[in-house]
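Here is the structure we will look at.
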Amino acid sequence: MATKIRLQRFGKKGKPFFHVVVADSRSPRDGKFIERLGSYNPNTNPATIEINFEKTLDWVNKGAQPTDTCRAILSYKGVLYKKHLEGGVKKGALTADQADAKFAEWLAAKDNKIEGKKDGLTKSKDEVRKAALAAEAKKNADRAAALALKNAPVEEEVVAEEATEEAPVAETAVEETPATEENKEEQA
């Protein structure tokens, strides 16, 4: 019987959630399976992957073939790297202690990378939130200024009335000036 490590889909439309299972290669995608190894939730950022490491490593060593997506998931969690190191121990290229040290070093680097991504995401969320608050504060200040102008029309009307009273005086002075020039020309 050929066994596969594959994903079994759950969740509603547009919000998939997967179980990582070992199943006979002939059974349908969401059908009968042999053992559930973990879960995979691609809806979160970064994706949430929970896998029983020992069971999965045991199945991979027994010969269960992961599908492409499951291969990527198992590689991400280090199951395939651990299998690779165990193969080196069996061949005599490494000792068990060296293999464990290499795997622990790889896990530490992977955890740091994941934490860095999470920190970057939280920082970007904070920056977006700060930018939104600054834009909202600016918009509120503009609204307050507009309301201040709207609520203070009395001063503007007084200034406007004074301006209209001064304007006719200036116009009459302009009209008188050409008339006096015409009179001077007539007299000459």
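Quick one: would you say ILE49 is of a type in the set (A, V, I, L, M), modelled with pLDDT of 90 or more and open to solvent by 40 Å² or more (accessible area, probe 1.4 Å)? So ILE49 does not fit the description; no.
Within region 101-116, can you find the residues that are open to solvent by less than 100 Å² (accessible area, probe 1.4 Å) and either closer than 17 Å to PRO46 by Cα or without any contact (Cβ under 8 Å) to a residue 12 or more places away in the chain (or both)? The answer is ALA101, ALA104, LEU107, ALA108, ALA109, LYS110, ASP111, ILE114, GLU115, GLY116.
Evaluated against (1) closer than 30 Å to VAL21 by Cβ; (2) within 22 Å of the chain's Cα centre (by Cα), THR122 falls short on exactly one condition, (1). Counting only residues that are of a type outside the set (Gly, Ala, Ser), part of a helix (DSSP H, G or I) and surrounded by 15 or more Cβ atoms within 10 Å (Cβ to Cβ), region 85-100 holds 3 of them. Among the residues of region 31-42, not a single one is within 30 Å of LYS12 (Cα to Cα), of a type in the set (Gly, Ala, Ser) and touching a residue at least 60 places away in the same chain (Cβ under 8 Å).
Condition first: surrounded by fewer than 17 Cβ atoms within 10 Å (Cβ to Cβ) and closer than 30 Å to LYS113 by Cα. Now tell me which residues in region 20-38 satisfy that. Across region 20-38, the qualifying residue is only ARG36. Under the condition of being in a strand (DSSP E or B) and of a type outside the set (Asp, Glu), the residues counted in region 17-73 number 18. Checking each residue of region 57-64 against the condition of being touching a Phe, Trp or Tyr at 6+ places or on another chain (Cβ under 9 Å) and open to solvent by less than 50 Å² (accessible area, probe 1.4 Å) gives no match.
When you look at THR67, is it within 31 Å of the chain's Cα centre (by Cα) and either open to solvent by less than 30 Å² (accessible area, probe 1.4 Å) or β-branched (Val, Ile, Thr) (or both), yes or no? Taking the combined requirement at face value, the residue satisfies it.
The values are calculated or read from the model by the stated rules, or taken from the named source; none is laboratory data. Keep in mind that what you see is a predicted model, and the values were worked out from it rather than measured. All Cβ positions, glycine included, derive from the backbone under ideal geometry; neighbour counts span all protein chains shown. All accessible areas refer to the heavy atoms of the entire protein, side chains included, with ligands and DNA or RNA removed. Shrake-Rupley method; radii C 1.70, N 1.55, O 1.52, S 1.80 Å.
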